Amino acid sequence: MNTRILIDDRPRAGTSAYRRIVVAMVAVAVATFAQLWSVQPVLPEMAVDLEESAARVSLTVSAATGALAGFALVWSGLGDRFGRVRVIAVSLAVATLVGCVAPWAGDLWVLVVLRAVQGAALGGVPAAAVAYLTDVLHPADAARAVGIYIAGNPLGGMGGRLVAGWAASAGGWQWGVAAGTAVGVVAWIVFVCALPRGTPSARTRPPGGARPRGRWRAALAVPGMVALYAQALLLMGAFMTVYNLLGFRLTGEPFGLSQAVASSLFVAYTAGMAGSAWSGRAGDRWGPYRVLAVSVVAMGGAVAVLAVPSLPVMAAGLVVFTFVFFCAHATASAWAARRAGLGRAQASSLYTLAYYMGASLLGWAGGIFYDRWGWGAALVFAGVLCATALVAGVGLRSKVEALPDAEPSLTGSGGTAGKGGIGRSPKVV
């Protein structure tokens, strides 16, 4: 009797190919978020040098994040057509070149335009990275790799802020922006050298001639997808509300800390790295819904702790808050890519769009609460966002096993490509 065995030959955890792919993707995360956030700590120096208000110079941050969110949708389509590795490499190269020009901008509006172009270019990384990892790695280990990749986000964000701040203190805001770009250059070189030669570009070629419309339909209509996008929107809104306003709280009464000391609490981002990396293992053991739900509840509890007027208690609450936020973010991001099946690149783009909409719109709304009613009101707003995310995610509990990504195998029998049906069809031997 002629039997055929399905073998999934994608890299597994512990192999050299797996390690190199993960290192390469962490490097692109560092490059992306170091450059995206490096302007933030140099805004005061920029305002003085360019003789502009704080509100105007802050446009250099919002222009980049807004363009990143919008162009992630464009990059996802290019990734399907030309391959996700190529999209990541080109987007980082363009962003870094623009970053090299930005320190020479002598006018605020020129700098804002350059930052918008840089943000649009950087959108290629979050649009393609998670989908790439779920495509090319074995389904049993893909979620863990996504968690490690997302751990590179706070590493890059924290590193970019700290390096830019130190450089700006030595030579002005131009040096700070240049230092963030230098981090991006180094990380891009690591990406190019670490990625194994011959690694699939992970270009999506849907069976049966599926069209982009079908992939977008999967990213939107598959049950549970909207709830996962809601997690990105609401939880990032709560996160940015806390981090945007924490400095005001610490430099005001009753603490009265200097700006330098208050800014040092960005080191709490290291807890985010640990949370992202841990989430993959936790999801394998307890399931993504439990990890997501417990993380959201813990975020709400940590928000309450931040209301205590004690610096050690607030520091502990901030560490917990950051840890569980990145646990939730890594879990929801990987889950969205997995559930969408053939639309995983589009799902990653929509998730990224929701994530940065939460950062810009809900983070801004948290500031309104702070201006009108103070720190306590801002924390209540963040807590309501966490509670809303928990309610929005309740329906996901029944959808953990019902993953729709059943790409037909090469046998044509409609089998899935491993547990959860993540990625390409298995090899038939």
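The values are calculated or read from the model by the stated rules, or taken from the named source; none is laboratory data. Since the structure is predicted, the reported quantities are computational estimates derived from the model, not experimental observations. Note that we place each Cβ from the backbone using ideal geometry, even for glycine, and neighbour counts take in every protein chain shown. Ligands, DNA and RNA are excluded from the accessible area calculation, which covers all protein heavy atoms including side chains. Shrake-Rupley method; radii C 1.70, N 1.55, O 1.52, S 1.80 Å.
So the values come out like this:
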{"quantity": "Members of the stretch 117-132 that are in contact with a Leu (Cβ under 9 Å, 6 or more places away or on another chain) and assigned to a helix (DSSP H, G or I)", "calculated": "Q118, G119, A120, A121, L122, G124, V125, P126, A127, A128"}
{"quantity": "Of the criteria (1) closer than 24 Å to A334 by Cβ; (2) crowded, with 20+ Cβ neighbours inside 10 Å; (3) not aliphatic (A, V, I, L, M), which one G99 fails", "calculated": "(1)"}
{"quantity": "Subset tally (residues that are in a helix (DSSP H, G or I) and modelled with pLDDT of 80 or more) for the stretch 172-208", "calculated": "22"}
{"quantity": "Criterion (surrounded by 15 or more Cβ atoms within 10 Å (Cβ to Cβ), at pLDDT below 70 and of a type in the set (K, R)) met by exactly one of R211, R161, R217", "calculated": "R217"}
{"quantity": "Looking only at the stretch 268-323, and only at residues there that are among the polar types (S, T, N, Q) and surrounded by fewer than 21 Cβ atoms within 10 Å (Cβ to Cβ), the one that is modelled with the highest pLDDT", "calculated": "S310"}
{"quantity": "Selection from the stretch 11-56 of residues that are of a type in the set (G, A, S), modelled with pLDDT of 75 or more, assigned to a helix (DSSP H, G or I) and farther than 20 Å from V192 by Cα", "calculated": "none"}
{"quantity": "Subset of the stretch 367-378 (residues that are out of contact with any Lys or Arg (no Cβ under 7 Å at 6 or more places or on another chain) and surrounded by fewer than 24 Cβ atoms within 10 Å (Cβ to Cβ))", "calculated": "G367, I368, F369, Y370, D371, R372, W373, G374, G376, A377"}
{"quantity": "Filter result (closer than 11 Å to A131 by Cα and of a type in the set (D, E, K, R)) within the stretch 79-93", "calculated": "D80, R84"}
{"quantity": "Matching entry among A116, A72, A120 (being closer than 25 Å to A24 by Cα and open to solvent by 10 Å² or more (accessible area, probe 1.4 Å))", "calculated": "A120"}
{"quantity": "Inter-residue pairs, beta-carbon under 8 Å, first closer than 18 Å to L228 by Cα and in the stretch 284-308, second assigned to a loop (DSSP other than H, G, I, E, B) and among the aliphatic types (A, V, I, L, M), 6+ apart", "calculated": "G287/V400; P288/V400; Y289/V400"}
{"quantity": "Test set (1) closer than 24 Å to A140 by Cα; (2) modelled with pLDDT of 55 or more; (3) surrounded by 19 or more Cβ atoms within 10 Å (Cβ to Cβ) - R397 fails condition number", "calculated": "(3)"}
{"quantity": "Residue check for V324: farther than 21 Å from V125 by Cβ, assigned to a helix (DSSP H, G or I), within 15 Å of the chain's Cα centre (by Cα) and not acidic (D, E)", "calculated": "yes"}
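For every residue, the table says whether it meets (1) modelled with pLDDT of 80 or more; (2) of a type outside the set (D, E, K, R); (3) under 17 Å from V308 (Cβ atoms).
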{"site": "L228", "(1), (2), (3)": "yes, yes, no"}
{"site": "L233", "(1), (2), (3)": "yes, yes, no"}
{"site": "G237", "(1), (2), (3)": "yes, yes, no"}
{"site": "V242", "(1), (2), (3)": "yes, yes, yes"}
{"site": "L245", "(1), (2), (3)": "no, yes, yes"}
{"site": "S258", "(1), (2), (3)": "no, yes, no"}
